[in-house]
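Please treat every number below as a calculation from the coordinates, not as lab data. Bear in mind the structure is a predicted one, so any value in this text is a computation, not a measurement. Cβ coordinates were reconstructed from backbone atoms using ideal geometry, including for glycine residues, and neighbour counts include every protein chain displayed.
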Amino acid sequence: MSLREDAETIWRAGVAAVDSSLAVQQQFRIDGNMFHIADVDLNLADVGRIEILGAGKAGAGMASGVERALLPQIPSDRISGWVNVPADCVRTLQRIHLHNARPAGLNEPTAEGVAGTAEILRRMNSLTPRDVCIVLLSGGASALLCSPVPQITLAEKLTVTRALAGAGAPIQDLNVVRTQLSRVKGGQLADACQAGTLLALIISDVIGDPLEIIGSGPTTSAPPRPQEAMDILQKYDLLDRVPKNVIQFLSARSSAIETPAAETPLSRTPPDRSHFVRRNVIVASNSIALKAAEQMATQLGYQTVSLGSDNAGEAADEGRRLIDTMRLARSQMSAVHPQPFCVLSGGEPTVKLRTGGDAGDSISCGAAASPATARGGRNQELVLAAIAQYPTAEDWSGLSLLSGGTDGEDGPTDAAGAVANQVLIARMAADRIDPIPYLARHDSYTFFDAVGGLLKTGPTHTNVMDLRVGLVDSFASD
């Protein structure tokens, strides 16, 4: 196989290792009348309904995994569910409804997502202490599970999100702000659940797997942080660029916390649920994908090195760093030590739009481009920056670099990412295409579409951030 083919094989092995259906299915076991979910043991005789709720790009696969685990052994009339997913993930399941909560490639909240979240909340409130609620969460849940506070409109919340994304805010900062404007984030979804047992099965798309950040932590209790949200908006010089209503709301919440009245909207006092079971379980993550990719690279004969799952920063900087690492490895190869080399990297960089425009739901979703006719995503921009750094075919002799979102999405495009090698660079030169202007205006999709470098997979039904594969072989021609 060529280096490009090897890179795709290694990348796909990483994605397959975090298959959402299998990751969820493995959490269930039934022995006679005992029902085991992760580390929770229940007697089926004591269980009423089993309600499956959730949101995320991996929601369809996760929901199918639940059905495969439960339907052969539990009467179907005891099982029901509703999961918000992107439009291209909708399919018919037996007992769980997959709700079209947003169009494919548009990773931001919609009216359809708000309606779907209202139904999830209704179902949460209808449960009883005998019931079991299984919440399925994966990357994209922050946008797909959306219920703005009554004082803020969906349009106002979108304005805030887009402004932060365009300013290059990382997912951690973005989630702090939008959690303060939500009725479900920051543990509020779990607060609404009346079931005696709630288990959240989570596929992590955030560096370090922090429960309060993944999907904005709808099942993880967190204190209100309105002043921190204000500080973040100020840090990115956005206080005058977001709706005044948002600033007024955050200021009022902050003041209420500092000088609480006897009764305030912030003083949530839920009934005593000390006997209720609440669990959050990570079932798949980027580190698992990296390990599987490393195993495949070794199987294909590559000496491997992993840079880990915590690579953030700006996508263009990450691309330049990776290509420099690959070129250094190539310079150290010789006929005495000819084994090809594989550099693996995980994480989620950002794209900072310096010339206006917006970046969709989250900057970590990739970047829309400026002007509006330009398109791209963080993975495509990362590879394009490497090409712009070394734009000749000779520079890429024996090198291939792939960067792709494990969910099959990269920004508001139909590509998962991009891949570059010597053949692509030669084609670029022959067609007299200069990569630098495309990089400057964040128009990476148009560039790679022209030279045949797009990585297209369709929805993978999982989401553990990005996976990058850099291959080095001094004796390869592509």
Considering only DSSP beta bridges with both partners in the chain, what is the antiparallel share in %, to the nearest 5? 45
Take the range 74-181, compute every pairwise Cα distance, and split them into 10 Å bins from 0; I just need the percent in each bin. 13, 42, 31, 12, 2, 0
Describe numerically, in nm with one decimal, the distance between label points set 7 Å from Cα along Cα→Cβ at Ala111 and at Asp41. 5.1
Low-density loop cleavage sites - trypsin sites (Lys or Arg not before Pro) in the range 182-262, where at most 15 other Cβ are within 10 Å (DSSP): Arg241
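Dipole magnitude of the chain about its Cα centre, charges +1 at Lys/Arg Cβ and -1 at Asp/Glu Cβ only, in debye to the nearest 20? Spell out each step's value before the answer.
On the way: 41 positive and 52 negative charges, 157 e Å.
My answer is approximately 760 debye.
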Taking the Cα centroid of the range 271-308 and of the range 1-59, what is the distance between the two, rounded to the nearest whole Å? 12
Rg and Dmax of the range 382-462 over Cα atoms: what are they, in angstrom? 12.4, 38
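Give me Arg122, Arg320 ranked fewest to most by other Cβ atoms within 10 Å of their Cβ, as a rough exposure proxy. Can you show the working numbers first?
Values: Arg122 11, Arg320 17.
The order, fewest Cβ neighbours first, is Arg122, Arg320.
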Along each principal axis, Cα extent of the chain, largest first, Å: 71, 59, 34
Calculate, in whole percent, how much of the Cα-Cα pair population of the range 286-472 lies beyond 27 Å. 22
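Can you compute the charge dipole magnitude of the range 286-472 about its Cα centre, using +1 on each Lys and Arg Cβ and -1 on each Asp and Glu Cβ, nothing else charged? Give it in debye, rounded to the nearest 20.
Values: 14 positive and 21 negative charges, 79 e Å.
Dipole about the Cα centre, nearest 20: 380 debye.
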In whole angstrom, largest first, the equivalent ellipsoid semi-axes that the Cα gyration tensor gives for the range 286-331 are 20, 17, 6
Compute the FRET efficiency between Asp77 and Ala426 as 1/(1 + (r/R0)^6), taking r as their Cβ-Cβ distance and R0 = 51 Å, and round to the nearest 0.05. 0.25
With 5 Å bins from 0: P(r) over the range 1-44, alpha-carbon pairs, percent: 6, 19, 16, 12, 11, 9, 8, 7, 6, 4, 2
Restricting to DSSP H runs of at least four residues, report the calculated mean residue ellipticity at 222 nm for the chain, -39500 (n - 2.57) per run over all residues, nearest 500 deg cm²/dmol. -10500 deg cm²/dmol
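Determine the equivalent ellipsoid of the range 1-97 by diagonalising the alpha-carbon gyration tensor, then write out the semi-axes as square roots of 5 times the eigenvalues, largest first, rounded to whole Å. Mind showing how you got there, number by number?
Numbers: eigenvalues 196, 57, 18 Å².
After scaling each eigenvalue by five and taking roots: 31, 17, 10 Å.
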Along the Cα→Cβ direction, 7 angstrom out, place labels at Met1 and Thr128. What is the inter-label distance in nm? 5.4
